[in-house]
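Asks: Dumping the structure here so I can ask a few things about it.
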Amino acid sequence: MAWTSQQSARLRLEMEILSHYFPSFVLKDSIIPGRAVVEGTMRSNAGHEYVVRLRVPADLPNSVPIVEIVSPVLRDRFGHPLVDLGTSYPMHLLKPENDVVRICHYSASHWSPNITFSKVLLKVRAWLEAYEGHLDSGFTIDHYLPHMEA
């Protein structure tokens, strides 16, 4: 199985956009649909660095990409690993896999093929700031980032 010509063009466009707005992000395993990932580092306003992985869906651009925070191991304000929460609506978390946090950025009902990876990563950046707010205040992520209305 290989990317269609339209999907290959979309991946090139996505990476061109990311090179401008998120230059640390690179495409890995790009040859095989369903295995491609875009990975890079984000720095919060407080200066903390996070390695973020965006899993490119095999049916690009029709499905919501999975986003994982690869490192560091994220913990809540009380020191408990966020992966232990599983799916958490208040913390905008999806069921983790491979012991990494998966964050909710767009629901399937709000997804559109017109949404670019850069828009997804902007939401990830906001989530990271809300996460650090949680560490300082104890408030959940949804205190800082309201859920999208249906």
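The values are calculated or read from the model by the stated rules, or taken from the named source; none is laboratory data. It should be emphasised that the depicted structure is a prediction, and the values quoted were computed from it without experimental measurement. Using ideal geometry, Cβ is built from the backbone for each residue, glycine included, and neighbour counts are taken over all protein chains shown. For the accessible areas, the whole protein counts, side chains as well, though only heavy atoms, and no ligand, DNA or RNA atoms are used. Shrake-Rupley method; radii C 1.70, N 1.55, O 1.52, S 1.80 Å.
Asks: Name the residues in the range 95-106 that are over 21 Å from F22 (Cα atoms), out of contact with any Gly (no Cβ under 9 Å at 6 or more places or on another chain) and open to solvent by 40 Å² or more (accessible area, probe 1.4 Å), would you?
Replies: Going through the range 95-106, the residues over 21 Å from F22 (Cα atoms) turn out to be 95-100.
Now drop any that are not out of contact with any Gly (no Cβ under 9 Å at 6 or more places or on another chain), which leaves 97-100.
Answer for the range 95-106, where residues must be over 21 Å from F22 (Cα atoms), out of contact with any Gly (no Cβ under 9 Å at 6 or more places or on another chain) and open to solvent by 40 Å² or more (accessible area, probe 1.4 Å): E97, N98, D99.
Asks: If you go through the range 12-28 one residue at a time, how many are over 12 Å from L54 (Cβ atoms) and surrounded by 11 or more Cβ atoms within 10 Å (Cβ to Cβ)? Walk me through it before giving the result.
Replies: Initial filter on the range 12-28 (over 12 Å from L54 (Cβ atoms)): 12-13, 16-17, 19-21, 23-24.
If we keep only those that are surrounded by 11 or more Cβ atoms within 10 Å (Cβ to Cβ) too, we end up with 12-13, 17, 19, 21, 24.
Counting residues in the range 12-28 that are over 12 Å from L54 (Cβ atoms) and surrounded by 11 or more Cβ atoms within 10 Å (Cβ to Cβ) gives 6.
Asks: Can you find a residue in the range 129-136 that is open to solvent by 90 Å² or more (accessible area, probe 1.4 Å) and in contact with a helix residue (DSSP H, G or I) (Cβ under 9 Å, 6 or more places away or on another chain)?
Replies: Initial filter on the range 129-136 (open to solvent by 90 Å² or more (accessible area, probe 1.4 Å)): 136.
So of that shortlist, the ones also in contact with a helix residue (DSSP H, G or I) (Cβ under 9 Å, 6 or more places away or on another chain) come out as none.
No; the residues of the range 129-136 include none that is open to solvent by 90 Å² or more (accessible area, probe 1.4 Å) and in contact with a helix residue (DSSP H, G or I) (Cβ under 9 Å, 6 or more places away or on another chain).
Asks: Do we find that K119 is out of contact with any Cys (no Cβ under 8 Å at 6 or more places or on another chain), part of a helix (DSSP H, G or I) and either touching a residue at least 12 places away in the same chain (Cβ under 8 Å) or buried (at least 16 other Cβ atoms within 10 Å of the Cβ) (or both) in this structure? Walk me through how you get there before you give the answer.
Replies: Details: out of contact with any Cys (no Cβ under 8 Å at 6 or more places or on another chain): yes; part of a helix (DSSP H, G or I): yes; either touching a residue at least 12 places away in the same chain (Cβ under 8 Å) or buried (at least 16 other Cβ atoms within 10 Å of the Cβ) (or both): no.
Taking the combined requirement at face value, the residue does not satisfy it.
Asks: What tally of residues in the range 29-50 results from selecting those that are open to solvent by less than 90 Å² (accessible area, probe 1.4 Å), more than 25 Å from E129 (Cβ to Cβ) and not hydrophobic (A, V, I, L, M, F, W, C)?
Replies: 3
Asks: Specify which of the listed residues (R125, R55, R77) is of a type in the set (K, R) and farther than 28 Å from Q7 by Cβ. Walk me through it before giving the result.
Replies: Numbers: R125 fails: farther than 28 Å from Q7 by Cβ; R55 fails: farther than 28 Å from Q7 by Cβ.
After applying the criteria, what remains is R77.
Asks: Which is touching a Lys or Arg at 6+ places or on another chain (Cβ under 9 Å) and part of a loop (DSSP other than H, G, I, E, B), of Y106, Y50? If you could, list the steps in order and put the result at the bottom.
Replies: Details: Y50 fails: part of a loop (DSSP other than H, G, I, E, B).
Y106 is the lone residue from the list that is touching a Lys or Arg at 6+ places or on another chain (Cβ under 9 Å) and part of a loop (DSSP other than H, G, I, E, B).
Asks: Quick test of your reading of the structure: V100 fulfils all but one of (1) without any contact (Cβ under 8 Å) to a residue 24 or more places away in the chain; (2) under 17 Å from the mean Cα position of the chain (by Cα). Name the failing condition by number.
Replies: (1)
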